[in-house]
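This report refers to the structure that appears directly beneath it.
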Amino acid sequence: MVNYPGGIRKSPAVKFDNAQSHPKSSSKTSPINFAGRGMSFEADINATNDYYLTHGLAVVHKKPTPVQIVHVEYPKRSRAKITEAYFREASTTDYSGVYKGHYLDFEAKETKQKLSFPLKNFHPHQIEHMKAVLAQGAIAFVLLHFSLLDETYYFPASNLAAFYDVHKGLKSLPISQIRSEGQLISNQQIPRIPYLDIINQQLGLS
């Protein structure tokens, strides 16, 4: 096992079919299929960010996960194939960027639960990171997607951190609290998840 920063433990290595493929489980552990999990939600956010960027509204990007390449094969001289790599460090949050002079930092999570959002989906280092961002006067939040309800909520990072600290990350956040302290994002065609509308309300720009 490999110890990550903050005491997070991960499996020893990830395997890659090629330089662009997603990591898959090492043969030394029981295979778990996460293929496609949350990808449509992530794709919607990425499409929204692309729309914002194209129209000059905001610059927000998904943060890459750093990896350490361990083994590379060369089946052809002109083509390299990554066959083994390690995650070098724990990630912070999924997205960051700037909007009208304000730094944005947020995490996106999805669940199949209907009545609550499991806090186990968040790592302690992510909560601490969002606290640090808030301490600098930036805007930090989470996008919580309930896939079976087809509902996406904007939830302030400050509220999430307060609940997380009280319950030590062991409980689930009730959807009633998410609805009362957060805001439902009206899904639309373009952009798909218009979270800037809520930020505009908070900044008094709407």
Run the quick spin-label model on Thr54 and Thr83: label points 7 Å from Cα toward the beta carbon, then report their separation in nm to one decimal.
4.1
Can you sort Thr93, Thr83 by how many other beta carbons sit within 10 Å, fewest first?
Thr83, Thr93
Leu203 versus Glu181: modelled label distance in nm, points set 7 Å from Cα along the beta carbon direction:
2.4
With the label point 7 Å along the Cα-to-beta-carbon line of Ala135 and a cut-off under 19 Å to each amide N, the hits in segment 152-166 are 157-166
Contact order relative to length of segment 90-155, as percent, for alpha carbon pairs under 8 angstrom and 6 or more apart:
35
Sort 53-64, 108-119 by the packing proxy (mean of other Cβ within 10 Å over each peptide's residues), most packed first.
108-119, 53-64
Between Gln113 and Thr65, how high is the FRET efficiency from 1/(1 + (r/R0)^6) when r is the Cβ-Cβ distance and R₀ = 25 Å? Nearest 0.05.
0.50
Could you line up Phe146, Phe141 from fewest to most neighbouring Cβ atoms inside 10 Å?
Phe146, Phe141
Fewest to most neighbouring Cβ within 10 Å: what's the order for Arg79, Arg192?
Arg79, Arg192
Dimensions in Å of segment 60-206 - Rg and Dmax from alpha carbons:
18.1, 59
Going down the table (Lys114/Lys168; Lys131/Lys171; Lys81/Lys112), which pairs top 24 Å between alpha carbons?
Lys81/Lys112
Interatomic Cα distance distribution for segment 106-188, bins of 5 angstrom, percent:
3, 15, 29, 27, 17, 7, 2, 0
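Counting DSSP beta bridges in segment 72-170, what percent are antiparallel, to the nearest 5?
65
Where a number appears in this text, it was derived from the coordinates with a stated rule and is not lab data. No experiment lies behind these values; they were computed from the predicted model shown. No Cβ is skipped: glycine too gets one built from the backbone with ideal geometry, and neighbour counts run over all protein chains shown.
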